[in-house]
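Below you'll find the structure, written out as structure tokens, and then a few comments.
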Amino acid sequence: MKLILDLDTGIDDAFALAYALASPEVELIAVTCTYGNVAVDDAVRNTRALLDLFGRPDVPVYAGPSPAGWEVAEVSAFIHGAHGLGEVSLPAPAGGSAGDAVDFLVAAVREHEDLVIVPTGPSTSIAAALEDEYFASHARLVMMGGALTVPGNVRPWAEANVWQDPEATDRVFRQAADVTMIGLDVTLRTLLTHSEVARWRAVGTRAGEVLAELAEYYIRAYETTAPHLGGCGLHDPLAVAVALDPSLVTCLSLPMQVDLAEETRGRTIGDLSRVAPQVKVAVGVDAEKFLGAFMERLTRLAANT
Ligand code: BDR
Ligand code: CA
């Protein structure tokens, strides 16, 4: 299966990248970068640096659009660190962006039949690609974002990725033919704790140490923002895992919309006025199976790089 990740490369995006690289059934053809946890340039730099770390400098990285005047939100900098990767310092990568993310996404869907796109940041680039009708009717999207049956994480009703660009996610729900939504309904049931992290440190490689440092930073942030959870949410890697194995989740299919009015701006909710397209919204997850696959794959990657 061919895969493109659309990342706003913070800590759980880094885990999503690692999950894809650690999965032998996946050919990661490219990463496109968006803004969100960090600015686009930082997302490109972080992604390139991680690809170098994991021994995959061959994977191209493309840069997406960013709204004029956009700045990193305080909560994002707190959870992911000022540069997106906690306090981890990686050597500056040699390469930069290979080109425009939106053009690349549109062309890739025409070129590859067995392609899945996993967006794990704001929907801005994907919404821009939807202006191409072939993309809208053929792209298979497994996106991390939204919350249908649970509250939001940056507003009482809004999840972070959707909150950044509600109009864009609304367009994805209305125009894209094949969307699976992996929202807080399921990602906050798949948690990483200090005990798992110790396994990465025990591997004894630089990659193992980086994974452990990232996770510890992320868990510490969650201990402040959401202490009741007892760990950090594995949002973005769960979307990658579901792209590979849809049986990890149970879904409700319904037409979705994003509220754009001020009082509930960013809320992802069913739309009674339409019958299509139906978004597959994940509402149940086999957390044990996912966490097992996550730890097995990332630990193997850490040991081999
Ligand atoms: C989402 O927001 C970002 O902070 C994470 O990387 C994830 O994609 C969770 O709400
Ligand atoms: Ca993300």
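The values are calculated or read from the model by the stated rules, or taken from the named source; none is laboratory data. In this text, all values refer to a predicted model and were calculated from it rather than measured experimentally. Counting neighbours? That spans all protein chains shown, and the Cβs are built from the backbone with ideal geometry, glycine included. Ligands, DNA and RNA are excluded from the accessible area calculation, which covers all protein heavy atoms including side chains. Shrake-Rupley method; radii C 1.70, N 1.55, O 1.52, S 1.80 Å.
Yes or no, residue by residue, for (1) touching a residue at least 60 places away in the same chain (Cβ under 8 Å); (2) surrounded by fewer than 22 Cβ atoms within 10 Å (Cβ to Cβ); (3) not in a loop (DSSP other than H, G, I, E, B):
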{"residue": "R171", "(1), (2), (3)": "no, yes, yes"}
{"residue": "M181", "(1), (2), (3)": "yes, no, yes"}
{"residue": "E196", "(1), (2), (3)": "yes, yes, yes"}
{"residue": "Y218", "(1), (2), (3)": "yes, no, yes"}
{"residue": "H228", "(1), (2), (3)": "no, yes, yes"}
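Residue-by-condition table, conditions (1) surrounded by fewer than 24 Cβ atoms within 10 Å (Cβ to Cβ); (2) within 16 Å of ligand 1 (Cβ to nearest atom); (3) without any contact (Cβ under 8 Å) to a residue 40 or more places away in the chain:
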site	(1), (2), (3)
T32	no, yes, no
Y35	no, yes, no
R56	yes, no, yes
P65	yes, no, no
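Residue check: is A39 touching a Cys at 6+ places or on another chain (Cβ under 9 Å) and either closer than 17 Å to T124 by Cα or within 11 Å of ligand 2 (Cβ to nearest atom) (or both)?
For A39, the condition - touching a Cys at 6+ places or on another chain (Cβ under 9 Å) and either closer than 17 Å to T124 by Cα or within 11 Å of ligand 2 (Cβ to nearest atom) (or both) - is not met.
Of A139, A177, A160, A129, which residue is open to solvent by 10 Å² or more (accessible area, probe 1.4 Å), of a type in the set (A, V, I, L, M) and more than 16 Å from ligand 2 (Cβ to nearest atom)?
Exactly one of A139, A177, A160, A129 is open to solvent by 10 Å² or more (accessible area, probe 1.4 Å), of a type in the set (A, V, I, L, M) and more than 16 Å from ligand 2 (Cβ to nearest atom), namely A177.
Quick check: is even one residue across segment 4-23 of a type outside the set (F, W, Y), more than 14 Å from ligand 1 (Cβ to nearest atom) and in a strand (DSSP E or B)? Explain how you work it out, then say what you get.
Initial filter on segment 4-23 (of a type outside the set (F, W, Y)): 4-14, 16-18, 20-23.
When the remaining residues are screened for being more than 14 Å from ligand 1 (Cβ to nearest atom), the result is 4, 20-23.
Then keep just the ones that are in a strand (DSSP E or B); that gives 4.
For segment 4-23, residues of a type outside the set (F, W, Y), more than 14 Å from ligand 1 (Cβ to nearest atom) and in a strand (DSSP E or B): present.
Looking at V283, V279, V275, which is the one that is touching a Leu at 6+ places or on another chain (Cβ under 9 Å), open to solvent by 30 Å² or more (accessible area, probe 1.4 Å) and of a type in the set (A, V, I, L, M)? First the steps, then the outcome.
Working: V279 fails: open to solvent by 30 Å² or more (accessible area, probe 1.4 Å); V275 fails: touching a Leu at 6+ places or on another chain (Cβ under 9 Å).
Going through V283, V279, V275 in turn, the sole match is V283.
Of all residues in segment 288-305, which are at pLDDT 95 or above and crowded, with 16+ Cβ neighbours inside 10 Å?
F290, L291, A293, F294, R297, L298, T299, L301, A302
It is to be established whether one or more residues within segment 210-219 are closer than 21 Å to I4 by Cα, hydrophobic (A, V, I, L, M, F, W, C) and either out of contact with any strand residue (DSSP E or B) (no Cβ under 7 Å at 6 or more places or on another chain) or modelled with pLDDT of 95 or more (or both). Lay out the reasoning, then the answer.
First pass over segment 210-219, keeping only residues closer than 21 Å to I4 by Cα: none.
Taking every residue of segment 210-219 in turn, none turns out to be closer than 21 Å to I4 by Cα, hydrophobic (A, V, I, L, M, F, W, C) and either out of contact with any strand residue (DSSP E or B) (no Cβ under 7 Å at 6 or more places or on another chain) or modelled with pLDDT of 95 or more (or both).
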